[in-house]
Amino acid sequence: MDYVKKGKSNTINIFLLLFVTAVFIWSMIKPIGGYGLLAIEAGPAVVGLLIVVVTYKRFRLTTLSYIIIAVLAIMMFIGGHYTYSRVPLFNWIKDAFDFNRNHYDRFGHLLKGLSVIVIREILLRTTPLMKGPWLITIIISISLAISALYEIIEWLFFLITKGGKESRNFLGTQGSMWDAQWDMTLTLIGSVLALLFLSKLHNRLLKKEQNINN
């Protein structure tokens, strides 16, 4: 029975990889912001996926973590293809609800909060940390640190390129002077929601994975 479960999870993981790869190939077809911007936006996702593939046999994550990684990669590929300020669905939402900006980047930062589940799994499996307040505090701190680092990278890229068109698209403030603060706040909210609603499911999956490996 354990071999059947393991085979099923392998099938799901392979499907996720193929689907993400298909989206990546699509994103490279005439990207609206150009290939330079696509490389900047999609680069972290490609590096992350390569790490996941290379370490798959040695350090296999739960299917939930792989789904989250796939969702985040797809979100970044879509943003890289259209630029975050011109994603069509969110342009339609902007017009339909009379918003003053395209909110795909804000939605993306909220989704990035899901990464706390992946961080949680890595910490639980590779450190002495146990479930409880300290684990939650450290997970959220790491999530916020990654979010802040990304904002610093955007700022540095803007300074290095002297505010060119490509760097403005990458920064994607859309006229908001509080854009970085909004991004980090939404990542924090997404992190808290992910821990609240996914931790119990994640615990069950971790237990199943441990039973299969044993």
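The values are calculated or read from the model by the stated rules, or taken from the named source; none is laboratory data. Keep in mind it's a predicted model, so treat the numbers as computed, not measured. Neighbour counts run over all protein chains shown; Cβ positions are idealised from the backbone, glycine included. Please note that ligands, DNA and RNA were not included when accessible areas were found on the heavy atoms of the full protein model with its side chains. Shrake-Rupley method; radii C 1.70, N 1.55, O 1.52, S 1.80 Å.
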Exercise for the section: Could you tell me whether segment 126-141 includes any residue that is surrounded by 21 or more Cβ atoms within 10 Å (Cβ to Cβ) and either in contact (Cβ under 8 Å) with a residue 40 or more places away in the chain or in a helix (DSSP H, G or I) (or both)? Expected result: yes
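Matching residues to (1) among the basic types (Lys, Arg); (2) modelled with pLDDT of 95 or more:
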position	(1), (2)
58	yes, no
66	no, yes
71	no, yes
79	no, no
97	no, no
114	no, yes
117	no, yes
Exercise for the section: For segment 91-122, name all the residues that are over 13 Å from the mean Cα position of the chain (by Cα), within 24 Å of residue 68 (Cβ to Cβ) and surrounded by fewer than 23 Cβ atoms within 10 Å (Cβ to Cβ). Expected result: 93, 103, 121, 122
Practice task
Could you grab me the full set of residues in segment 33-55 that are modelled with pLDDT of 95 or more and farther than 23 Å from residue 179 by Cβ?
Solution key: 46, 47, 48, 49, 50, 51, 52, 53, 54, 55
Exercise for the section: Answer yes or no as to whether residue 168 is of a type outside the set (Phe, Trp, Tyr) and at pLDDT below 85. Expected result: yes
Practice task
Write out, first by first residue and then by second, each pair whose Cβ atoms fall under 6 Å of each other, whose residues are 6+ apart or on separate chains, and whose first residue, in segment 80-99, is closer than 20 Å to residue 37 by Cα and of a type outside the set (Val, Ile, Thr) while the second is open to solvent by 50 Å² or more (accessible area, probe 1.4 Å) and assigned to a loop (DSSP other than H, G, I, E, B).
Solution key: 82/32; 85/174; 90/103
